[in-house]
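The values are calculated or read from the model by the stated rules, or taken from the named source; none is laboratory data. Worth saying up front: this structure is predicted, and the values here are computed from it rather than measured. Glycine also receives a Cβ, built like all others from the backbone with ideal geometry; neighbour counts cover every protein chain displayed.
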Number of protein chains: 2
Amino acid sequence: MSRSNAKPFVSDKREAILRAAIKVFAGKGYFNSKVADIAKEAGIADGTVYLYFKSKDDILRSFFDRAMSDFISEGKRELAEIEGPEDKLRRIAQLHLERLGADRDLAIVFQVELRGSTKFMEEFSAKGFADYLDIIRATIAEGQKLGVFRIDLKPIIVAKMLYGALDEMVTNWVLSHKSYPLAPMADEVLKVFFGGILTK
Amino acid sequence: MSRSNAKPFVSDKREAILRAAIKVFAGKGYFNSKVADIAKEAGIADGTVYLYFKSKDDILRSFFDRAMSDFISEGKRELAEIEGPEDKLRRIAQLHLERLGADRDLAIVFQVELRGSTKFMEEFSAKGFADYLDIIRATIAEGQKLGVFRIDLKPIIVAKMLYGALDEMVTNWVLSHKSYPLAPMADEVLKVFFGGILTK
DNA sequence: CGCGTATGAATGAATGGTCATTCATTTTTA
DNA sequence: TAAAAATGAATGACCATTCATTCATACGCG
């Protein structure tokens, strides 16, 4: 009876477990994390985890599904309000770095833990990553149609480049022991991406 | 007595174990690979693995150490013969994609398995990756000094971008179920990297 | 109201399976 | 025939998952 009606908060605990799991995974790595560690972090009994998740595997999968679809839907909403492809790419880069730069544990799990096995990688890249990459690709193709971007470039390759560059910024930030703000690097990346590095 | 003097080939078996391990790790992932799997693949007994390696961990570490130092020393040798910073970067990109594109198992372990835990990542990025990134950074700084590259860019960031872009090409190639040659993508990447994507 | 009772949630000790690693023994080499 | 190399069965930890039991909550009834 603690808060209004009891029912809606069934997922409260699921949330708590998910948060605890991210923290634990980020700290010791997925394969080195015990389900008991997650339970302790969440302040519940070991067995309770299995009332909300099918398996340890399922926790990681659930985390990814939610984080990725949140990110994509927020991205689409934001992009809908922007006109030029150039500005769209700028916003994508900013959102990418802002989101991950705002939550180190989330970033660690994304950059490191989710990539630890071909099994996970294939599954995940098939799902959310492909969608994300496709949004970038479509924006580039749009820019080419409008004459803003060079047409002698394959959109999909250019999309992978931008994604790869941003991804590397995040990975470096995650592994670096220094602490600096991640988001501002979006502009540095775009400066090169738009204009190249040659002087001429 | 099989080949000239026996002694020098103590490492023959070490080699064989290493090769077997890469194949096994590439196939099922580091954490899902049993030492017994590696032994079977190498055609030896389980215990024999421990005559050549301290632990399962040590196998992955040894693999990385050798692959990375081989790559870096070969790279340095090649680069010494090249003059302009622009051509140097071109060669770096080509070597990067040629080497990984020539050995899928090696590529899988590099792109996926070595990144599966912060523990490994921190250790590895501290070692070889930092050296590699620094070669790229130095080349870019050199180009700036010579007036070939824009000076309003931070070399380290530009280096991470190039590395990140190449890395993403490799990861996509590894995870893709289609089979296409990786090396030619170096030129596509450099086209953008040098010239940017804007038409102007 | 207050009390018994049914229902679902939570617990955590026990289970079962999995492997990395060891080492007494055997095989190969010189 | 001694030393070195290789073997593979046995050991001991480790941990995901299960499930018999306990606990909390809400409801019905006198």
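Within region A:102-125, the set of residues being in a loop (DSSP other than H, G, I, E, B) and either within 11 Å of chain B (Cβ to nearest Cβ) or among the hydroxyl-bearing types (Ser, Thr, Tyr) (or both) comprises A:112, A:116, A:117.
Test residue B:126 against the stated conditions and say whether it is among the small types (Gly, Ala, Ser) and within 20 Å of residue A:172 (Cα to Cα). In short, yes. Residues of region B:71-102 that are under 23 Å from residue B:23 (Cβ atoms) and either touching a helix residue (DSSP H, G or I) at 6+ places or on another chain (Cβ under 9 Å) or crowded, with 17+ Cβ neighbours inside 10 Å (or both): B:71, B:74, B:96, B:97, B:98, B:99, B:100, B:101. Residue pairs whose Cβ atoms lie under 6 Å apart, sitting 6 or more positions apart in sequence or on different chains, and linking a residue in region A:79-97 that is charged (D, E, K, R) to a partner that is crowded, with 18+ Cβ neighbours inside 10 Å and assigned to a helix (DSSP H, G or I), are A:88/A:139; A:90/A:190.
Checking A:82, A:92, A:136 one by one, the residue that is within 14 Å of the chain's Cα centre (by Cα) and at pLDDT 95 or above is A:92 and no other. The set of residues from region A:51-70 being surrounded by 14 or more Cβ atoms within 10 Å (Cβ to Cβ) and more than 21 Å from the chain's Cα centre (by Cα) comprises A:52, A:53. Being without any contact (Cβ under 8 Å) to a residue 40 or more places away in the chain, in a helix (DSSP H, G or I), in the same structural domain as residue A:115 (by TED's automatic domain parsing) and of a type in the set (D, E, K, R), is that true of even one residue in region A:35-44? No, region A:35-44 has no match at all. When the criteria are applied in full, residue A:20 meets the requirement of being without any contact (Cβ under 8 Å) to a residue 24 or more places away in the chain, assigned to a helix (DSSP H, G or I) and either polar (S, T, N, Q) or surrounded by 14 or more Cβ atoms within 10 Å (Cβ to Cβ) (or both). Assess whether residue B:109 counts as being within 26 Å of residue B:26 (Cβ to Cβ), surrounded by 23 or more Cβ atoms within 10 Å (Cβ to Cβ) and outside the structural domain of residue B:20 (by TED's automatic domain parsing). Answer is yes for this residue. Of everything in region B:167-182 that is in a helix (DSSP H, G or I) and among the aliphatic types (A, V, I, L, M), the residue that is nearest to the chain's Cα centre (by Cα) is B:170. When we screen A:128, A:164 for residues that are assigned to a helix (DSSP H, G or I), more than 8 Å from every other protein chain (Cβ to nearest Cβ) and in contact with an Asp or Glu (Cβ under 8 Å, 6 or more places away or on another chain), the only hit is A:128.
Considering only residues in region A:23-34 that are within 15 Å of DNA strand D (Cβ to nearest atom) and in a helix (DSSP H, G or I), the one that is surrounded by the most Cβ atoms within 10 Å (Cβ to Cβ) turns out to be A:25. What about residue B:100, is it more than 16 Å from DNA strand D (Cβ to nearest atom), within 12 Å of the chain's Cα centre (by Cα) and within 24 Å of residue B:174 (Cα to Cα)? So residue B:100 fits the description; yes. Scanning region B:131-161 for residues that are touching a residue at least 40 places away in the same chain (Cβ under 8 Å) and crowded, with 20+ Cβ neighbours inside 10 Å, we see that the one that is nearest to the other protein chains (Cβ to nearest Cβ) is B:149.
Pairs, please: C-beta under 8 Å, at least 6 apart or cross-chain, first residue at positive phi and in region A:45-64, second among the hydroxyl-bearing types (Ser, Thr, Tyr) and within 8 Å of DNA strand D (Cβ to nearest atom)? From residues that are at positive phi, there are no pairs.
Applying a threshold of 8 Å to beta carbon distances and a minimum spacing of six or more residues, or different chains, the list of pairs starting in region B:177-200 at a residue that is surrounded by 12 or more Cβ atoms within 10 Å (Cβ to Cβ) and ending at one that is among the basic types (Lys, Arg) reads B:186/B:90; B:188/A:154; B:190/B:90; B:195/A:150; B:197/A:150; B:198/A:150; B:199/A:150.
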